[in-house]
1. Which of the residues belonging to the stretch A:53-88 are in contact (Cβ under 8 Å) with a residue 12 or more places away in the chain, surrounded by 10 or more Cβ atoms within 10 Å (Cβ to Cβ) and assigned to a loop (DSSP other than H, G, I, E, B)?
2. From the list A:97, A:138, which one is within 14 Å of chain B (Cβ to nearest Cβ), of a type in the set (Val, Ile, Thr), closer than 27 Å to residue A:32 by Cβ and in a helix (DSSP H, G or I)?
3. Tell me, yes or no, whether the stretch B:124-132 has at least one residue that is at negative phi, assigned to a helix (DSSP H, G or I) and either at pLDDT 85 or above or surrounded by 11 or more Cβ atoms within 10 Å (Cβ to Cβ) (or both).
4. In the stretch A:155-171, which residue that is surrounded by fewer than 21 Cβ atoms within 10 Å (Cβ to Cβ) and facing chain B (nearest Cβ under 9 Å) is modelled with the highest pLDDT?
5. Look at residue A:202 and say whether it is surrounded by fewer than 24 Cβ atoms within 10 Å (Cβ to Cβ), away from chain B (no Cβ under 12 Å), of a type outside the set (Lys, Arg) and farther than 30 Å from residue A:83 by Cα.
6. Take the residues in the stretch B:39-83 that are of a type in the set (S, T, N, Q) and under 11 Å from the mean Cα position of the chain (by Cα), then tell me which one is farthest from the other protein chains (Cβ to nearest Cβ).
7. Given (1) touching an Asp or Glu at 6+ places or on another chain (Cβ under 7 Å); (2) within 13 Å of chain B (Cβ to nearest Cβ), identify the lone condition not met by residue A:188.
8. Would you confirm whether any residue within the stretch A:109-120 is at pLDDT 85 or above and either surrounded by fewer than 22 Cβ atoms within 10 Å (Cβ to Cβ) or in contact with a strand residue (DSSP E or B) (Cβ under 6 Å, 6 or more places away or on another chain) (or both)?
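The values are calculated or read from the model by the stated rules, or taken from the named source; none is laboratory data. Keep in mind that what you see is a predicted model, and the values were worked out from it rather than measured. Quick reminder, even Gly has a Cβ in these numbers, built from the backbone with ideal geometry, and neighbours come from all protein chains shown.
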Amino acid sequence: MTPALAQALVEPWWISVIKAFVIANLVLGTFAYLTVVERKLLGRMHLRYGPNRVGPFGLLQPIADLMKLLRKASFFPKGAVTMLYILAPILAAFTAISAFAVIPFGPGWEIGGYYVAGQIVDVSIALLLILALSAVGIYAFVVGGWASDSKYSLLGSMRTCAQLVSYEVSFGLAVLGVVIMAGSLRLTEIVAAQQEQIWFVVPQLVGFLCFFVAGVAETNRAPFDLPEAEQELVAGYHTEYGGIRWGMFQMSEYINMLTFSALGVTLFFGGWSGPILPAPIWFLLKLGALIFVFMWLRATLPRLRYDQLMKFGWKVLLPVATLNAIATAVLVTIF
Amino acid sequence: MDAGEILVWLVWIGAATALFASGLAVVLFQNPFYSALSLIVNLASLAVLFLLLSAEFVAAAQVLVYAGAVVVMFLFVTAYLGGRADAPWAGGPTLQSFFAVLAAGAIAVEVVVVIALTAGDRLTDPAEISDAFGSPAEIGRLFISDHLLAFEATSIVLLVAAVGGVILGTTAPRTVRAEGRAEVPER
């Protein structure tokens with residue numbers, strides 16, 4: 001859809017509010033059930049059953065987990081900086097969920113005489129917005145670790161900070177190729193460009209690989225889960241957290257993985273477009289496939305050492321991502 | 001005044017107040033960690049003001065570059081090195097802080113005077129902006145046309161600063177490390 005057409009079909013503000021409510025809750029629900037899916041999948045990959053006691057096939061497990069976390073006593077260390085300690089997990093959850101505002105789920109529909117767009121908001125800087133939100137999310141980890149007044153937390157948060165800042169650069173450069181090919185930072189236009197040309201994963205295969213590796217590191221997932229290496233740091237930045245505050249940190253990490261996969265689908269796999277099935281179904285199918293790869297990686301690869309992580313980020317990933325962006329720019333200019 | 005204009009005014013007052021308060025907090029906090037955190041609030045409220053001026057790209061870039069990359073480094077260093085007891089203002093105001101306040105005040109007066117002289121009575125007119133105003137494409141076009149020289153000069157300055165940082169960072173600790181090594185008894 002061209003921007004001019006989208007502008008002619010402006011939806012009333014209350015539809016955006018309803019959509020925001022629905023999508024935020026969908027994201028939270030998906031997160032809850034992804035934890036079960038991950039534990040089941042890991043169980044199968046480890047040749048065991050995984051959770052199967054709460055409800056049929058263990059399907060009520062996330063509700064049981066939530067109740068347990070909510071009912072736990074919310075104590076915190078004596079030396080902790082109370083306000084920052086409480087605010088950090090809230091900030092983490094906020095930045096994680098709000099990134100979903102710009103992800104397009106479909107082409108837009110007409111329901112009851114009203115136009116309903118396929119995303120909550122369509123802004124010209126959608127991609128930058130997601131990057132900026134994830135950059136602000138880093139503060140939650142740093143501040144949470146610092147405010148806990150614990151050496152493990154501080155070291156964990158320093159590691160998180162160093163890792164996220166290092167891989168953020170490669171992440172930005174990896175998506176630059178797509179931005180150059182689509183000629184826009186607007187996610188809806190990037191999806192439209194892929195419908196006209198081809199899924200960007202084909203011409204941007206190197207870019208996608210850089211994007212994926214940097215994304216795994218950005219979301220602190222195995223094999224890049226150094227920030228919470230149990231054997232070295234107890235649990236990293238959230239060592240001193242418990243109950244629902246710990247739950248919010250875990251949730252934000254999970255939702256970050258969800259956001260990142262949704263972004264990958266939108267940038268490289270044609271977003272919601274696909275034949276026969278409705279657009280949101282295609283989106284969810286592609287999203288599920290990418291998330292499966294995340295879980296697969298966790299069950300397969302051992303954790304990197306810290307020096308390996310830094311060396312790989314700065315000496316391999318960054319140059320490759322930069323060359324890919326430059327090569328794309330040159331090729332797009334020539335052809 | 002309709003509801004939309006009132007909303008804009010409310011957001012503007014909120015963001016401007018937060019900007020001013022957090023700016024004061026940056027220099028008044030005794031703990032550098034809190035100062036850095038206030039700086040983030042400062043940058044975020046500035047981004048809101050940019051959004052009110054239809055400068056979406058600048059707002060996002062502001063958060064991404066300054067809040068995302070620069071202040072993280074400040075926090076990183078202060079969390080590692082500066083203990084919570086660090087107090088740059090301990091012992092009352094110094095001569096340096098007196099002149100710092102004086103210089104900051106002078107710059108503020110200068111900015112107001114320059115804006116008043118160049119803008120004249122145009123400040124009361126509503127600005128006419130096109131749809132493309134503030135969009136990434138338009139800003140990119142301005143960077144490589146009207147402001148090419150300034151853009152390139154800035155990139156060179158940044159490159160020099162980066163090289164300087166690497167040189168300072170790799171040579172200074174070497175002497176410290178050498179001293180440290182001398183203390184280790186030989187096996």
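1. A:59, A:72, A:74, A:75, A:76, A:77, A:79, A:80, A:81
2. A:138
3. No.
4. Within the stretch A:155-171, the match that is modelled with the highest pLDDT is A:169.
5. Against the criterion (surrounded by fewer than 24 Cβ atoms within 10 Å (Cβ to Cβ), away from chain B (no Cβ under 12 Å), of a type outside the set (Lys, Arg) and farther than 30 Å from residue A:83 by Cα), residue A:202 qualifies.
6. That would be B:42.
7. (2)
8. No, that holds for no residue.
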